[in-house]
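Undergrad: I have a structure here, written as structure tokens, and I will follow up with some questions on it.
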Amino acid sequence: MARTMASLPAGSRITDYISLGVIAKTFPPETVHRVLATTGTASRRQRDLPGHVVVYYAIALALYMQSSTREVLRCLLEGVQWLLGPGVPVKVAGKSGISQARTRVGWAPLQQLYDDVVRPIALPATRGAWYRTWQLVSLDGSTLDVADEAANAAAFGRPRASRGASAFPQLRFAALVENGTHVLFGARLGPYATGETTLAADALQALCPGMLCLADRLFFGYALWTQAAATGAALCWRVKHNLRLPCEERLPDGSYLSRIYPSAAARRHGRHGVVVRVVEYQLAGVPEAAPLYRLVTTLLDPGAAPAPELAALYHERWEIETAFDELKTHLRGARIVLRSKTPDLVRQEFYGLLLAHFAVRGLMHEAALSVGEDPDRLSFLHAVRVVRRKLPGFTALSPSGPARVSRGGAPGARGGTRRLQSRPAHPAGGETEDDQVSVAPTEARSGGMGVTRSPCENR
């Protein structure tokens, strides 16, 4: 029997049917529409690039940093070429149209989407994500080069160089990372001159009970410490070796209890002291190691967290450096600056970069769970390459609603992405093993990621 030719519904726009793959799986259309409505940026009339398409496009830009803006849009539209026929060209908006659409939407929806969706995703079975009963997270900051434009330089500033200023303006950001999955959450950005501790004060609001936060000595201070402790999360931060921490009570494991104060005057009068536990240790036989390392922690019971374990655990803080490397080197690309030429679009691009990183890391977490492996054992760069290759090939999605694509007389299929299947024992014909990412089939859960609620879910 002859089949009915595939066609789009009457009045449809080609940009309503963008092939998004893992992006739409991670950030469902209903979530994107809700964010646009919340931020007051939803499209009020029919456009070639409506608001929800721009949000997805901003995330996709981070996956193709070395491609032009028009090429990225063309890539997203390839998934519906089969509906039009091989001889019919797909209309791709021009560079000016893309820029105007991005400016119209702005960066607020991307930040709101990041704040609403991006959070720790580790499950009890996730290897490397836990210390005893605590979910390990780390705090740190970094910088990103932005396009050398006068507006960007005025908004973000430039770092000093040996001769004048650096070639590119830079933004600074601070973030938390879930050590086991490398998910970067709670990120906040500002001008280069903004201190990391200032940005960290906002980032630490993403902490919640059940977490154990590790941080370097740069961040320790009475105000930031008490703010972080007030979230209910456990803390284990390194402090400077010359910080005054007199021993008040020696504990069986060699650590001791002390107090920190907001000022020297408060110490003299014994006011507002906060009890901390101090762990001191040395790294024997390690070249260029400091003479003494000191950690302070809110975990006062040595039975719950012995000093030797905390000393060994502190090196896990470096997981955030690996996550920053994934973001800045493997996803963005080495020696590549953010392409946006205005401060608002720089901020939009920054959050798009974080959202893309989260989508890839979520996929890798599912793959690791399916084989009982530590997510650290998987190659982030390989996962990015697979997502880039497969993105145009996923089932087309209509972000504006159900994708009633008629083909072969079958009822209209609801819009959505193809479920990712676990890797077969042998590659299918025509598909190399390099093109596959093993993932666990899961039921739909919170955040569109196939994950259960994190400790912060009910905040």
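Undergrad: Restrict the check to the stretch 93-102 and report whether at least one residue is modelled with pLDDT of 90 or more and surrounded by fewer than 20 Cβ atoms within 10 Å (Cβ to Cβ).
TA: Scanning the stretch 93-102, I find at least one residue that is modelled with pLDDT of 90 or more and surrounded by fewer than 20 Cβ atoms within 10 Å (Cβ to Cβ), so the answer is yes.
Undergrad: So is Arg267 of a type in the set (Lys, Arg), open to solvent by 40 Å² or more (accessible area, probe 1.4 Å) and either touching a residue at least 12 places away in the same chain (Cβ under 8 Å) or farther than 29 Å from Phe350 by Cα (or both) or not?
TA: In short, yes.
Condition check ((1) modelled with pLDDT under 95; (2) assigned to a loop (DSSP other than H, G, I, E, B); (3) hydroxyl-bearing (Ser, Thr, Tyr)) across all residues:
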position	(1), (2), (3)
Ala284	yes, yes, no
Leu295	no, no, no
His315	yes, no, no
Trp318	yes, no, no
Arg335	yes, yes, no
Val346	no, no, no
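Undergrad: Another question, if that's okay. Identify, please: which residue in the stretch 186-218 is of a type outside the set (Lys, Arg) and in contact with an Asp or Glu (Cβ under 7 Å, 6 or more places away or on another chain) and is, among those, modelled with the highest pLDDT?
TA: If we take residues in the stretch 186-218 being of a type outside the set (Lys, Arg) and in contact with an Asp or Glu (Cβ under 7 Å, 6 or more places away or on another chain), then Leu214 is modelled with the highest pLDDT.
Undergrad: For the stretch 252-266, which residues satisfy the criterion of being out of contact with any strand residue (DSSP E or B) (no Cβ under 7 Å at 6 or more places or on another chain) and not in a helix (DSSP H, G or I)?
TA: Pro252, Asp253, Gly254, Tyr261, Pro262, Ser263
Undergrad: Going by what's in this entry, would Asp301 be described as in contact with a helix residue (DSSP H, G or I) (Cβ under 8 Å, 6 or more places away or on another chain) and under 26 Å from Gly128 (Cβ atoms)?
TA: Answer is no for this residue.
Undergrad: If you don't mind, there's one more thing I want to ask. Within the stretch 227-240, which residues are of a type outside the set (Ser, Thr, Tyr) and either touching an Asp or Glu at 6+ places or on another chain (Cβ under 9 Å) or within 18 Å of Trp134 (Cβ to Cβ) (or both)?
TA: Of everything in the stretch 227-240, those that are of a type outside the set (Ser, Thr, Tyr) and either touching an Asp or Glu at 6+ places or on another chain (Cβ under 9 Å) or within 18 Å of Trp134 (Cβ to Cβ) (or both) turn out to be Ala228, Ala229, Ala230, Gly232, Ala233, Ala234, Leu235, Cys236, Trp237, Arg238.
Undergrad: So Gly210 clears everything in (1) out of contact with any Pro (no Cβ under 7 Å at 6 or more places or on another chain); (2) more than 17 Å from Ile320 (Cβ to Cβ); (3) surrounded by fewer than 20 Cβ atoms within 10 Å (Cβ to Cβ) except one condition, right? Which one?
TA: Unmet for Gly210, out of (1) out of contact with any Pro (no Cβ under 7 Å at 6 or more places or on another chain); (2) more than 17 Å from Ile320 (Cβ to Cβ); (3) surrounded by fewer than 20 Cβ atoms within 10 Å (Cβ to Cβ): (1).
Undergrad: For the stretch 130-142, what are the residues that are aliphatic (A, V, I, L, M) and either under 21 Å from Gly303 (Cα atoms) or open to solvent by 10 Å² or more (accessible area, probe 1.4 Å) (or both)?
TA: Leu136
Undergrad: What residue, of Val360, Val346, is β-branched (Val, Ile, Thr), within 10 Å of the chain's Cα centre (by Cα) and crowded, with 24+ Cβ neighbours inside 10 Å?
TA: Only one candidate passes the filter, namely Val360.
Undergrad: Looking at (1) aliphatic (A, V, I, L, M); (2) out of contact with any strand residue (DSSP E or B) (no Cβ under 9 Å at 6 or more places or on another chain); (3) open to solvent by less than 70 Å² (accessible area, probe 1.4 Å), which is the only condition Val286 fails?
TA: (3)
Undergrad: Can you tell which of Leu61, Leu36, Leu73 is within 23 Å of Ala359 (Cβ to Cβ) and modelled with pLDDT under 85?
TA: Leu73
The values are calculated or read from the model by the stated rules, or taken from the named source; none is laboratory data. All values derive from a computational prediction rather than experimental measurement. As a convention, Cβ positions derive from the backbone with ideal geometry for all residues, glycine included, and neighbour counts pool all protein chains shown. Just the protein is used for accessible areas: all its heavy atoms, side chains included, with ligands, DNA and RNA removed. Shrake-Rupley method; radii C 1.70, N 1.55, O 1.52, S 1.80 Å.
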